[in-house]
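> Have a look at this one before I ask anything.
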Amino acid sequence: MKGFTLTEVLISLSILIVIFTLTVPRISDQYTERVLDNSAEKVIETLKSAQSRAMSSVKDDNWGVRFNSVDNHGLLLFKGAEFSERDIDFDIIHNFPGFIKFEEIDLEEGGREVVFSKITGISLNNGKIILYDDQGDKSHKICIEDYLIFYCKD
């Protein structure tokens, strides 16, 4: 007689289910961590882009970044001295997946925007931004201090 008994098939399926149960959460965690890392890099890249545009006097104006206050998981690069008076023709929007959010936006002047001065590129609103994933306990803290934009520790 050739083939597998019902017991052998059930044991094999049980082993596969256990392996699957142990590996899927880890793969999901790695994906979430990778998306958080990429989102934090996008925040830094956008801040540096605003600073670079300001220093290069692109369109002869200040440039800034507004952290989204509606859904709390996006940001906008804008041209102007402040968000409310920006030139919307130059807006560049970056959205993150729904599980990536700003946990804290702690800027010296309050608000949700960082503006860089034309020519000098100095930040007019220093502080820190904490980006986190609401599916886990991982976060990245980004600091802005005058000319510097960097990951910072507590």
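Read the figures in this text as sums done on the coordinates, not as results from a lab. Remember, it's a predicted structure, so these values are computed and weren't measured experimentally. Because the Cβ atoms are built from the backbone with ideal geometry, glycine has one as well, and the counts that use them run over all protein chains shown.
> Being over 21 Å from residue 131 (Cα atoms), among the polar types (S, T, N, Q), surrounded by fewer than 18 Cβ atoms within 10 Å (Cβ to Cβ) and touching a residue at least 24 places away in the same chain (Cβ under 8 Å) is true for just one of 14, 57. Which residue is that? Walk me through it before giving the result.
Working: 14 fails: touching a residue at least 24 places away in the same chain (Cβ under 8 Å).
Testing whether each residue is over 21 Å from residue 131 (Cα atoms), among the polar types (S, T, N, Q), surrounded by fewer than 18 Cβ atoms within 10 Å (Cβ to Cβ) and touching a residue at least 24 places away in the same chain (Cβ under 8 Å) leaves just 57.
> Can you go through 43, 35, 114 and tell me which one is in contact (Cβ under 8 Å) with a residue 40 or more places away in the chain and touching a Pro at 6+ places or on another chain (Cβ under 8 Å)?
On the way: 43 fails: touching a Pro at 6+ places or on another chain (Cβ under 8 Å); 114 fails: touching a Pro at 6+ places or on another chain (Cβ under 8 Å).
Being in contact (Cβ under 8 Å) with a residue 40 or more places away in the chain and touching a Pro at 6+ places or on another chain (Cβ under 8 Å) holds for just one of 43, 35, 114, which is 35.
> Here is a list: 148, 107, 124. Which entry is crowded, with 17+ Cβ neighbours inside 10 Å, on the phi < 0 side of the Ramachandran plot and within 19 Å of the chain's Cα centre (by Cα)?
Within the list 148, 107, 124, the selection yields 107.
Condition check ((1) farther than 25 Å from residue 119 by Cα; (2) aromatic (Phe, Trp, Tyr)) across all residues:
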| site | (1), (2) |
| --- | --- |
| 4 | yes, yes |
| 39 | yes, no |
| 43 | no, no |
| 48 | no, no |
| 51 | no, no |
| 65 | no, no |
| 86 | no, no |
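> Here's a follow-up. Considering only segment 77-104, state which residues are surrounded by 14 or more Cβ atoms within 10 Å (Cβ to Cβ), more than 24 Å from residue 135 (Cα to Cα) and of a type in the set (A, V, I, L, M).
77, 81
> Kindly indicate whether any position in segment 80-88 is among the aliphatic types (A, V, I, L, M), free of Cβ contacts under 8 Å to residues at least 12 places away in the same chain and not in a loop (DSSP other than H, G, I, E, B).
Here is the first cut: in segment 80-88, the ones among the aliphatic types (A, V, I, L, M) are 81, 88.
Now restrict to residues that are free of Cβ contacts under 8 Å to residues at least 12 places away in the same chain: 88.
Now restrict to residues that are not in a loop (DSSP other than H, G, I, E, B): 88.
The answer is yes, given that some residue of segment 80-88 is among the aliphatic types (A, V, I, L, M), free of Cβ contacts under 8 Å to residues at least 12 places away in the same chain and not in a loop (DSSP other than H, G, I, E, B).
> Would you confirm whether or not segment 62-83 contains a residue that is at positive phi, under 16 Å from the mean Cα position of the chain (by Cα) and of a type in the set (S, T, N, Q)? Give the steps one after another, and end with the answer.
Of all residues in segment 62-83, those at positive phi come to 72, 80.
Filter again for under 16 Å from the mean Cα position of the chain (by Cα), leaving 72.
Those still in the list that are of a type in the set (S, T, N, Q) too: 72.
Checked segment 62-83: at least one residue is at positive phi, under 16 Å from the mean Cα position of the chain (by Cα) and of a type in the set (S, T, N, Q).
> Moving to a separate point now. Working only within segment 108-154, note down all residues that are of a type in the set (A, V, I, L, M), assigned to a strand (DSSP E or B) and touching a strand residue (DSSP E or B) at 6+ places or on another chain (Cβ under 8 Å). Step through it out loud before you land on a result.
At the first step, the residues of segment 108-154 found to be of a type in the set (A, V, I, L, M) are 114-115, 119, 122, 124, 129-131, 142, 144, 148-149.
Now restrict to residues that are assigned to a strand (DSSP E or B): 114-115, 129-131, 142, 144, 148-149.
114, 115, 129, 130, 131, 142, 144, 149, listed by residue number.
> Any idea how many residues of segment 56-69 are in a helix (DSSP H, G or I) and either of a type in the set (Lys, Arg) or more than 16 Å from residue 82 (Cα to Cα) (or both)? Can you show your working first?
Restricting attention to segment 56-69, the residues satisfying the condition of being in a helix (DSSP H, G or I) are 58-60.
Next, from what is left, pick out any that are either of a type in the set (Lys, Arg) or more than 16 Å from residue 82 (Cα to Cα) (or both): 59.
Count: 1.
> Counting just the residues of segment 89-101 that are closer than 15 Å to residue 46 by Cα and not in a loop (DSSP other than H, G, I, E, B), which one comes out farthest from the chain's Cα centre (by Cα)? First the steps, then the outcome.
Residues of segment 89-101 that are closer than 15 Å to residue 46 by Cα, as a first pass: 90-96.
From what is left, the residues that are not in a loop (DSSP other than H, G, I, E, B) are 90, 92-95.
Working: 90: 21, 92: 15, 93: 13, 94: 9, 95: 9 Å.
Selected residue: 90.
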